[in-house]
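S.K.: Handing you a structure now.
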Amino acid sequence: MPRSFEVTTETSARVADVLAAFGDRDYWLARLAAYGGDSMTLDSLVVEPHGAIAVTTSQDLRHDVLPPAIARAVPGNTTIIRTESWQPADDRVRGKFTIAARGVPASGNGTLMLKPAVGGSSLRVAGTLEVRIPLVGGRIERFIADLIARDVPEMQQYTADWIGPSGELNA
């Protein structure tokens, strides 16, 4: 049965500055290095003239990053593919994401909303995960949902730090 999750976090970075960071290849390379090391790659980054952004990343899901009980249930050749698409809409940015897995029957999807907040911006991530592995699928879903709950605020703070206090991207 799919597991739902929702995470909301705020940072000092303004919506326009966050969107500009999301359209910067150097930002993604630095973020992926910080949060996945050599196991994550930037597969594509498309920035449209009207401001829409589409990002695809992949991660080699090595057993050394998983809890032992979950690692035993996941094949060693598993790759997680994440896509995000962002569309500016007035003072906000709406988005969608997907998570697909090669090597294990798992997937996820959801919505993203970046909007102004007092002193910066607020990001809301809501979605569902489904891991179709008998007996351990629910434990894996819970593990991933807990990672998302921890990583979303950390990554948004990383983005705010990348942007810097002046609102100019750090390269």
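The values are calculated or read from the model by the stated rules, or taken from the named source; none is laboratory data. Note that this is a predicted model, so its numbers are computed, not measured. Reconstructed Cβ throughout: ideal geometry from the backbone, glycine too, with neighbour counts over all protein chains shown. These area figures cover heavy atoms from the full protein model, side chains too; ligands, DNA and RNA do not enter into them. Shrake-Rupley method; radii C 1.70, N 1.55, O 1.52, S 1.80 Å.
S.K.: Kindly evaluate VAL74 against the criterion of being modelled with pLDDT of 95 or more, over 17 Å from MET155 (Cα atoms) and either more than 17 Å from the chain's Cα centre (by Cα) or among the hydrophobic types (A, V, I, L, M, F, W, C) (or both).
M.R.: Details: modelled with pLDDT of 95 or more: no; over 17 Å from MET155 (Cα atoms): yes; either more than 17 Å from the chain's Cα centre (by Cα) or among the hydrophobic types (A, V, I, L, M, F, W, C) (or both): yes.
No, not satisfied.
S.K.: Go through region 1-25 and count every residue that is among the charged types (D, E, K, R) and farther than 20 Å from SER85 by Cβ. Before the answer, list the steps.
M.R.: Step one: filter region 1-25 for residues among the charged types (D, E, K, R), giving 3, 6, 10, 14, 17, 24-25.
Of the ones still in play, those that are also farther than 20 Å from SER85 by Cβ are 3, 10, 14.
Matching residues across region 1-25 total 3.
S.K.: While we're on this one: If you check VAL46 against the conditions, is it within 19 Å of LEU112 (Cα to Cα), surrounded by 16 or more Cβ atoms within 10 Å (Cβ to Cβ) and in contact with a strand residue (DSSP E or B) (Cβ under 8 Å, 6 or more places away or on another chain)?
M.R.: Considered against the rule, which asks whether it is within 19 Å of LEU112 (Cα to Cα), surrounded by 16 or more Cβ atoms within 10 Å (Cβ to Cβ) and in contact with a strand residue (DSSP E or B) (Cβ under 8 Å, 6 or more places away or on another chain), VAL46 comes out as no.
S.K.: Sticking with this structure for a sec: Quick check: is even one residue across region 139-149 of a type outside the set (Asp, Glu) and either within 18 Å of ALA21 (Cα to Cα) or without any contact (Cβ under 8 Å) to a residue 12 or more places away in the chain (or both)?
M.R.: Our first condition is that a residue be of a type outside the set (Asp, Glu); within region 139-149, this holds for 139-140, 142-145, 147-149.
Next, from what is left, pick out any that are either within 18 Å of ALA21 (Cα to Cα) or without any contact (Cβ under 8 Å) to a residue 12 or more places away in the chain (or both): 147.
Looking through region 139-149, at least one residue is of a type outside the set (Asp, Glu) and either within 18 Å of ALA21 (Cα to Cα) or without any contact (Cβ under 8 Å) to a residue 12 or more places away in the chain (or both).
S.K.: Tell me, yes or no, whether region 153-171 has at least one residue that is out of contact with any Lys or Arg (no Cβ under 9 Å at 6 or more places or on another chain), acidic (Asp, Glu) and at pLDDT below 85. If you could, list the steps in order and put the result at the bottom.
M.R.: First, pick out the residues of region 153-171 that are out of contact with any Lys or Arg (no Cβ under 9 Å at 6 or more places or on another chain): 153-154, 156-157, 160-161, 164-166, 168-171.
Restricting the remaining residues to those that are acidic (Asp, Glu) gives 154, 161, 168.
So of that shortlist, the ones also at pLDDT below 85 come out as 168.
Yes, some residue in region 153-171 is out of contact with any Lys or Arg (no Cβ under 9 Å at 6 or more places or on another chain), acidic (Asp, Glu) and at pLDDT below 85.
S.K.: With the requirement that a residue be open to solvent by 40 Å² or more (accessible area, probe 1.4 Å) and under 17 Å from ASP60 (Cα atoms), what does region 2-36 give you?
M.R.: Those that are open to solvent by 40 Å² or more (accessible area, probe 1.4 Å) and under 17 Å from ASP60 (Cα atoms): LEU29, ALA33, ALA34, TYR35.
Results for (1) hydrophobic (A, V, I, L, M, F, W, C); (2) under 21 Å from ALA101 (Cβ atoms); (3) under 16 Å from the mean Cα position of the chain (by Cα), shown as yes or no for each residue.
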| residue | (1), (2), (3) |
| --- | --- |
| THR8 | no, no, yes |
| ALA13 | yes, no, no |
| ALA33 | yes, no, yes |
| SER39 | no, yes, yes |
| ASP43 | no, yes, yes |
| ALA54 | yes, yes, yes |
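S.K.: Follow-up question, since we're still on this one. Counting only residues that are farther than 19 Å from THR8 by Cβ and open to solvent by 30 Å² or more (accessible area, probe 1.4 Å), give me the strands (runs of 3 or more DSSP E) lying completely in region 86-171 with at least 3 of them.
M.R.: Working: elements: 92-102, 106-117, 120-131.
Because the criterion is at least 3 residues that are farther than 19 Å from THR8 by Cβ and open to solvent by 30 Å² or more (accessible area, probe 1.4 Å), the strands (runs of 3 or more DSSP E) in region 86-171 that meet it are 92-102.
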